[in-house]
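In what follows, a single structure is set out as structure tokens and then discussed.
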Amino acid sequence: MKNSVADRLIQNHDLTKPEFMELLDLSEDSGIREMLTREAVRLRKLYYGDKVYTRGLIEFTNYCKNNCYYCGIRRGNKDAVRYRLTKEEILDCCAQGYLLGFRTFVLQGGEDAYYTDEIMADLIREIKSRYPDCALTLSIGEKSYESYRLFREAGADRYLLRHETANSEHYARLHPAQMSLSARIQCLYDLKSLGYQVGAGFMVGSPGQTKECLADDLVFLKEFEPQMVGIGPFIPHHGTRYAKEKAGSVELTLFLLSVIRILLPQVLLPATTALGTLDPRGREKGLSAGANVVMPNLSPVTHRKQYDLYDNKICTGEEAAECRGCLERRVKSAGYRLVNERGDVSCKKEVDNGF
Ligand code: 5AD
Ligand code: FES
């Protein structure tokens, strides 16, 4: 009868919290894993064929006013070597990325007050006017509704803000008291109401994470229905209180990628750098578990190592072109095809409309 909870997930694209916990108890059962992987791949092919979308990630500042306990660039890490990219440097990354075929740029950074709302809006307008055929994604943390609105009006299309954990006690264990799960969730709903395509997500195996926390994450994802979900294993950083903690499990991350694909069949789901850091074929395995996005780095190599969220991060020495070529080969080896499209959600509609 152990198949029944997996069957219910496949049938209903949803489960209750106790059912998710039951399913997580079966995450090491090879029969269940196979069944869910097969269904995840079927759905990903149904909606996206063999396409893998690519996003050019520009890590433009590693200054951050927050002090998330797991993160290597948190404010309290005095050993972090800080940098900021100028507008020209950011635009150069976009120019190079465009030539390489990227049609989505992701501006990611710590919560850095140097980049005021006006500076950000100006940057967004400039990128969107130079590259009207590209999608622009922001990933710059918690802001007010007004700031999000300003960025949206300036032309930003998407926003990534991982919720990190949907369990408030667990959230409090990972973050200082000034931060709260409710504030994070409010931001996500604000972003959605402003018409952004929104990405939520969490780390797998973060310190103190239980099966119940993961079940809370899955319930939240189904309820919130983000267009994108970023998950990757937790990896300890030597300069944090969690330096000696164990890293998250690659296997569990792959299992969860399949579960999330079934839960939200059309979701844009990256095979993350963290997954590729823990396992040399992690990203390929991610694609084979239901992921359909990769996010190589476009930031200048001189600063790559300084965007140091966790130890041993891959791709910090390669030029953007090398990274793109490498990924193209990896995607191909997993049986998929890297495409130069914006890669918006809801592909099926386009297929139905005959586009
Ligand atoms: N291990 C894995 N992922 C991490 N992140 C931050 N620190 C770590 C870590 N030590 C993730 C967070 C954040 C994203 C940008 O990187 O989930 O949202
Ligand atoms: Fe960056 Fe392989 S993907 S070097």
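The values are calculated or read from the model by the stated rules, or taken from the named source; none is laboratory data. Predicted model, so just to flag it, every value in this text is computed and none were measured. Note: ideal-geometry Cβ built from the backbone for every residue, glycine included; neighbour counts use all protein chains shown. To get the accessible areas, we keep the full protein, side chains included, count just its heavy atoms, and leave off ligands, DNA and RNA. Shrake-Rupley method; radii C 1.70, N 1.55, O 1.52, S 1.80 Å.
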With +1 on each Lys and Arg Cβ and -1 on each Asp and Glu Cβ, how big is the dipole of the range 174-297 about its Cα centre, in debye rounded to the nearest 20? 240 debye
Overall dimensions of the range 187-314 by Cα: Rg and Dmax, Å: 14.9, 41
Show me, for the range 239-244, the HN-Hα J-couplings you get by feeding each phi into the Karplus relation (A = 6.51, B = -1.76, C = 1.60, θ = phi - 60°), rounded to Hz, glycine and proline as x. x, 10, 5, 9, 3, 9
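Taking only Cα atoms of the chain, what ratio of Rg to Rh do you get with Rh as the Kirkwood inverse-distance radius? Don't jump to the answer; show the numbers that get you there.
Values: Rg = 19.1 Å, Rh = 20.4 Å.
Rg/Rh: 0.94.
By per-residue mean of other Cβ atoms within 10 Å, what is the highest-first order of 79-92, 297-310, 252-265? The partial results should precede the final answer.
Numbers: 79-92: 14.8, 297-310: 19.3, 252-265: 24.2.
Taking the mean over residues of other Cβ atoms within 10 Å, the ranking is 252-265, 297-310, 79-92.
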As straight-line cross-link partners of LYS51, the qualifying aspartates and glutamates (C-alpha separation under 20 Å, not fewer than 8 residues apart within one chain) are GLU39, ASP133, GLU284, GLU328, GLU341, ASP344, GLU350, ASP352
Which residue, chosen from ALA40, VAL52, ASN67, occupies the Cα position most advanced towards the positive end of the dipole of the range 1-109, where the dipole is computed from +1 (Lys, Arg) and -1 (Asp, Glu) charges on Cβ about the Cα centre? ASN67
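Would you mind telling me the antiparallel percentage of the DSSP bridges in the range 28-155, rounded to 5?
Numbers: 1 of 11 bridges.
Of the beta bridges lying entirely in the range 28-155, close to 10 percent run antiparallel.
What's the magnitude of the charge dipole for the chain around its Cα centre, counting Lys and Arg as +1 and Asp and Glu as -1 at the beta-carbon? Answer in Debye, nearest 20.
Values: 49 positive and 48 negative charges, 96 e Å.
Once rounded to the nearest 20, the dipole reads 460 debye.
What percentage of the solvent-accessible surface of the range 75-153, computed with a 1.4 Å probe over protein heavy atoms, is contributed by carbon and sulfur atoms? Show your work: numbers first, answer last.
Numbers: 1830 of 3690 Å².
Answer for the range 75-153 is 50 percent, counting heavy atoms of protein chains only.
Considering only protein heavy atoms and a probe of 1.4 Å, how much of the accessible area of the range 234-324 is carbon and sulfur, as a whole percent? Before the final figure, lay out the partial values.
Details: 1720 of 3180 Å².
Result for the range 234-324: 54 percent of the exposed heavy-atom area is carbon or sulfur.
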Can you tell which of ILE119, TYR98, LEU138 lies farthest toward the positive end of the dipole of the range 1-150, using +1 and -1 charges on the Cβ of basic and acidic side chains (Lys, Arg; Asp, Glu)? TYR98
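Across the range 92-227, how many lysine pairs separated by 8 or more positions, or lying on different chains, have Cα atoms within less than 25 Å? Before the final figure, lay out each step's value.
Working: LYS128/LYS143; LYS128/LYS192; LYS143/LYS192; LYS143/LYS222; LYS192/LYS222; LYS211/LYS222.
So the count works out to 6.
Could you sort the peptides 218-230, 47-59 by per-residue average Cβ neighbour count (10 Å cutoff), highest mean leading?
47-59, 218-230
If you take the C-alpha gyration tensor of the range 33-158, multiply each eigenvalue by 5 and take the square root, what semi-axes do you get, largest first, in whole Å? Can you show the working numbers first?
Values: eigenvalues 165, 93, 45 Å².
Over the Cα atoms of the range 33-158, the ellipsoid semi-axes are 29, 22, 15 Å.
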GNM of the chain, Cα pairs under 10 angstrom: of GLY208, GLY282, GLY72, the biggest fluctuation goes to GLY208
Size of charge dipole - the range 1-71 - debye, nearest 20, with Cβ of Lys, Arg +1 and Asp, Glu -1, no other charges: 380 debye
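In terms of the ratio Rg/(2.2 N^0.38 Å) built on C-alpha atoms, what value belongs to the range 1-49?
Details: Rg = 11.1 Å, N = 49, 2.2 N^0.38 = 9.7 Å.
Its radius of gyration relative to the 2.2 N^0.38 Å reference: 1.15.
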Charges on Cβ only, +1 for Lys and Arg, -1 for Asp and Glu, centred on the Cα centroid of the chain; of PHE220, LEU298, LEU269, which one is farthest towards the dipole's positive end? LEU298
Using a 1.4 Å probe, what is the accessible area per residue for the chain, in Å²? 41 Å²
